[in-house]
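Quick notes on the structure that follows.
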Number of protein chains: 2
Amino acid sequence: MPRGAIAIVGGTGHQGRGIAQRLAAAGRSVVVASRDPRRAADLIAAWPQGAGALSSASYAEAIAGADITVLAVPFDTVDRLLQEHRAAFKANTLVIDITVPLMFTGGTATLATVPEGSAAEYIRARLRPDVRLAATFKTVPAHLLAEIEQPLDCDEFVCGDSAEARSEAVTLLSAMRGVRAIDVGPLVRARSIEHLTLLAVAVNGRHKIRSARFRVVGL
Amino acid sequence: MPRGAIAIVGGTGHQGRGIAQRLAAAGRSVVVASRDPRRAADLIAAWPQGAGALSSASYAEAIAGADITVLAVPFDTVDRLLQEHRAAFKANTLVIDITVPLMFTGGTATLATVPEGSAAEYIRARLRPDVRLAATFKTVPAHLLAEIEQPLDCDEFVCGDSAEARSEAVTLLSAMRGVRAIDVGPLVRARSIEHLTLLAVAVNGRHKIRSARFRVVGL
């Protein structure tokens, strides 16, 4: 796997495929990781050629080889995934959490209560100490991510367990068209970012739109 | 007190004075309510004349006469305030909660845990059932509110305990220059709005700015 390779775990899912294509378009080496690598290979074959390299792999292979791993899987599968692959991450790898523990109870969206405080902190508690973590991309709508000809036209907030982790995540996001990445500090900020997603879901539902997202004014 | 009068409880405070002046500029009848009404009267005398009427009153007098009451006091004083004046609100009055239970622990901003879920729901639990509640204006920076020549240039989210309460709050906000009011549904959305404020505080602190606020893209 090339140096600087980015594994997208859940790369055939709604969010994963958009992130994979946008990073490849920005010239990065992207590995679309799937429990069914053949399905990932078929998917990639149908995508337009980007500037970067796209390949497919199993979760285990992709995680073991990547310098950056994006967790683009549903929140409720993360625990099992990290239990299974905890030892496989390279030392000092950067993991990027994009999950939001959204639940729908009686048609109303809420965030699941997470003992650690947020999905990001839940994931932090399940990674080895020598694996770094940043959380971002929690708010941009999946369908918009996948419309790769469209600039995203939004800000995305980045928090993380070190300034270096945040800085790498900011660099990664900034390679995508139309995204401004805004560092908001330590992982404890993740819950606020997850609430932003909940607010976007509420705006979408109430105003019959699909792509509510945010820009910061004054920065 | 004229029909449709708006009481700003805590109207001499940072947020209250900006809201009072902006509503008066929009032609509304505004009562600046203070524990020290003489101080409120002196303050009003120094403000530029707006299109609407500005007057001063005690909390008790203002609450008893108002059709809309904005609670522009610190969150930690709300419980006592509502205990003291619970019986004074007119039936069917609309109360507008703008509080955010921000705390700073070791230099880091967090939201206080509120058993009811949010500041707005905490206030709901302390109002009479025949008093209506909407929550909004939780995110716009106080110093910007007070610079009344500046359009606010942001979106503000409105939640409330009925469609009517939200609609009235939206109308009120929309009278101010540069604000788009966005209805996000029931009071349970208040915590997300409060987290948005926390995120703005984090952006301000980290990027050495003072006026981070938000616009929704895609609406």
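So B:GLU156 passes all but one of these: (1) crowded, with 23+ Cβ neighbours inside 10 Å; (2) of a type outside the set (Gly, Ala, Ser); (3) closer than 26 Å to A:VAL188 by Cβ; (4) at the interface with chain A (Cβ under 10 Å from one of its Cβ atoms). Which condition number does it fail?
Unmet for B:GLU156, out of (1) crowded, with 23+ Cβ neighbours inside 10 Å; (2) of a type outside the set (Gly, Ala, Ser); (3) closer than 26 Å to A:VAL188 by Cβ; (4) at the interface with chain A (Cβ under 10 Å from one of its Cβ atoms): (4).
Kindly check whether there is at least one residue in the stretch B:139-148 that is at pLDDT below 95, small (Gly, Ala, Ser) and on the phi > 0 side of the Ramachandran plot.
For the stretch B:139-148, residues at pLDDT below 95, small (Gly, Ala, Ser) and on the phi > 0 side of the Ramachandran plot: absent.
Quick one: is B:ARG166 touching a residue at least 40 places away in the same chain (Cβ under 8 Å) and among the basic types (Lys, Arg)?
When the stated conditions are applied, B:ARG166 does not pass them.
Has the stretch B:134-153 got at least one residue that is part of a strand (DSSP E or B), away from chain A (no Cβ under 11 Å) and over 30 Å from A:VAL158 (Cα atoms)?
Scanning the stretch B:134-153, I find at least one residue that is part of a strand (DSSP E or B), away from chain A (no Cβ under 11 Å) and over 30 Å from A:VAL158 (Cα atoms), so the answer is yes.
Just to be sure I understand, how many residues within the stretch B:163-183 are under 16 Å from B:ARG28 (Cβ atoms) and under 15 Å from the mean Cα position of the chain (by Cα)?
Total satisfying the criteria: 11.
Can you run down the residue pairs with Cβ atoms below 6 Å, 6 or more apart or on separate chains, where the first is in the stretch B:197-219 and at the interface with chain A (Cβ under 7 Å from one of its Cβ atoms) and closer than 19 Å to A:VAL201 by Cβ and the partner is in a strand (DSSP E or B) and aromatic (Phe, Trp, Tyr)?
B:PHE214/A:PHE214
Kindly evaluate B:ARG124 against the criterion of being more than 7 Å from chain A (Cβ to nearest Cβ) and farther than 17 Å from A:HIS207 by Cα.
Yes, satisfied.
Only one residue in B:ARG128, B:ARG132 is surrounded by fewer than 18 Cβ atoms within 10 Å (Cβ to Cβ) and either closer than 18 Å to B:ILE68 by Cα or of a type in the set (Val, Ile, Thr) (or both), so which one is that?
Result of the check over B:ARG128, B:ARG132: B:ARG128.
Could you look through the stretch A:170-192, keep only residues that are farther than 14 Å from A:ARG124 by Cβ and part of a helix (DSSP H, G or I), and pick out the one that is nearest to the other protein chains (Cβ to nearest Cβ)?
Among those residues, the one meeting the criterion is A:SER192.
Here is a yes/no grid of residues against (1) open to solvent by 30 Å² or more (accessible area, probe 1.4 Å); (2) within 30 Å of A:VAL203 (Cα to Cα); (3) touching a strand residue (DSSP E or B) at 6+ places or on another chain (Cβ under 7 Å):
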{"residue": "A:THR12", "(1), (2), (3)": "no, yes, yes"}
{"residue": "A:ALA24", "(1), (2), (3)": "no, no, yes"}
{"residue": "A:ARG35", "(1), (2), (3)": "yes, no, no"}
{"residue": "A:ILE44", "(1), (2), (3)": "no, no, yes"}
{"residue": "A:PRO48", "(1), (2), (3)": "yes, no, no"}
{"residue": "A:HIS85", "(1), (2), (3)": "no, no, no"}
{"residue": "A:VAL95", "(1), (2), (3)": "no, yes, yes"}
{"residue": "A:PRO101", "(1), (2), (3)": "no, yes, yes"}
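Quick grid of which residues meet (1) crowded, with 18+ Cβ neighbours inside 10 Å; (2) in contact with a Gly (Cβ under 6 Å, 6 or more places away or on another chain); (3) not β-branched (Val, Ile, Thr):
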| site | (1), (2), (3) |
| --- | --- |
| A:THR139 | yes, no, no |
| A:ILE148 | yes, no, no |
| A:SER162 | no, no, yes |
| A:ALA175 | no, no, yes |
| A:ILE182 | yes, no, no |
| A:ALA202 | yes, yes, yes |
| A:GLY205 | no, no, yes |
| A:ALA212 | yes, yes, yes |
| A:VAL216 | yes, no, no |
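Taking the stretch A:1-30 only, how many residues are farther than 17 Å from A:VAL73 by Cβ, assigned to a loop (DSSP other than H, G, I, E, B) and without any contact (Cβ under 8 Å) to a residue 40 or more places away in the chain?
1
The values are calculated or read from the model by the stated rules, or taken from the named source; none is laboratory data. Remember, predicted model here, so these are calculated numbers, not experimental data. So basically every Cβ, Gly included, is an ideal-geometry build from the backbone, and we count neighbours across all protein chains shown. SASA here: full protein model, heavy atoms, side chains in, ligands and nucleic acids out. Shrake-Rupley method; radii C 1.70, N 1.55, O 1.52, S 1.80 Å.
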